Amino acid sequence: MRITFVSLLLLTLVFTACKEENDPKAELYFKEGTKMLELNETESALLKFRSALDYKTNESLQATIYRNISIAFQNLEELDSASFYSQKGYEVAPSDSYIFYINRAEYNLLNNNVFNSIKDLKLAKSLNPKQMEVYHTLCLIYSGEYGDAYFDPILSEYYAKKSYKIKPSNTSKEQLGSIYFQNEKYKEAVKIFKELYAKDPTNKKFEFYLGQCLYFAGDEKVGEAHMKTAAERDESCKLMYHEIFEIGQNLE
């Protein structure tokens, strides 16, 4: 069964090398913007990143700022702008560097050139195998997020596990849970979303995902109850609920 409940975003990269070449204000605005982006405060993050670019930055930090601006525009579903800043990111990055290949890989993804994106991601991984962004993005590709031609359940699970091992977080954990669900490993998926929901019980999406995993694991009554409760309080969960059951139940 293909995944139905989550589309994960690319993560931000914090680049700290050659700090002496950067204006401290640029670094401060960059860090503040990155934190806001992680909290989904996208418009505020964009303001911080643009402020950072008003000060002296080395090529690597500038390329990373452009990458984060691209991610912010992806969050806003403004893909032309996202593509523009990914391109600027690899154009200013040091040649054959990790941030060069990451930016170019994302530019290729945004322009439906998945084959070349995979090549760039593997080059980035060879330069810095301990950065989780590469594994996170490869997982997305092999989960079918960018087309069925690249769907590979074994590789998607492998890269999801690598991503979570390198940087355990709600995002990498959610990704792993979604891959378990997609690969019909429902008990493993239930365990992950039960932990995420217990940690953040106000997160209706975590409750919905838990319910969905329970439902397909065979606990249909409890699973549907969780999904319905989440759908009554969150519009995106409501849409997913109707998609699953293909009926127009009144949840108002």
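The values are calculated or read from the model by the stated rules, or taken from the named source; none is laboratory data. Worth saying up front: this structure is predicted, and the values here are computed from it rather than measured. Please note: Cβ atoms are built from the backbone with ideal geometry, for glycine as well, and neighbour counts cover all protein chains shown.
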* Asked: assigned to a helix (DSSP H, G or I), under 25 Å from L39 (Cα atoms) and without any contact (Cβ under 8 Å) to a residue 24 or more places away in the chain - does that describe any residue in segment 114-121?
  -> no
* Near pairs, Cβ below 9 angstrom, 6+ apart or cross-chain, from segment 189-211 (in a helix (DSSP H, G or I)) to any residue that is surrounded by fewer than 20 Cβ atoms within 10 Å (Cβ to Cβ) and of a type in the set (S, T, Y) -> K204/T229; K204/S236; K205/S236; E207/T229; F208/T229; F208/S236; G211/T229
* Asked: Do we find a residue being part of a helix (DSSP H, G or I), buried (at least 19 other Cβ atoms within 10 Å of the Cβ), in contact with a His (Cβ under 7 Å, 6 or more places away or on another chain) and not aliphatic (A, V, I, L, M) anywhere in segment 154-164?
  -> yes
* Asked: Of all residues in segment 189-209 being surrounded by fewer than 23 Cβ atoms within 10 Å (Cβ to Cβ) and of a type in the set (D, E), which is farthest from D219 (Cα to Cα)?
  -> D200
* To do: Please go through segment 48-80 and pick out each residue that is among the charged types (D, E, K, R), modelled with pLDDT under 95, closer than 19 Å to K31 by Cα and under 22 Å from the mean Cα position of the chain (by Cα).
  => R67
* Residue check: is S83 within 21 Å of Y159 (Cβ to Cβ), hydroxyl-bearing (S, T, Y) and modelled with pLDDT of 95 or more? -> no
* If we keep just the residues of segment 88-113 that are of a type in the set (G, A, S) and outside any helix (DSSP H, G or I), which is surrounded by the most Cβ atoms within 10 Å (Cβ to Cβ)? -> A93
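Here's the yes/no breakdown for (1) within 16 Å of the chain's Cα centre (by Cα); (2) under 21 Å from E38 (Cα atoms):
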residue: K165; (1), (2): yes, yes
residue: P168; (1), (2): yes, yes
residue: Q175; (1), (2): yes, yes
residue: F193; (1), (2): no, yes
residue: K205; (1), (2): yes, yes
residue: L210; (1), (2): no, no
residue: G218; (1), (2): no, no
* Selection from segment 128-153 of residues that are hydrophobic (A, V, I, L, M, F, W, C), in a helix (DSSP H, G or I) and surrounded by fewer than 20 Cβ atoms within 10 Å (Cβ to Cβ) -> A149
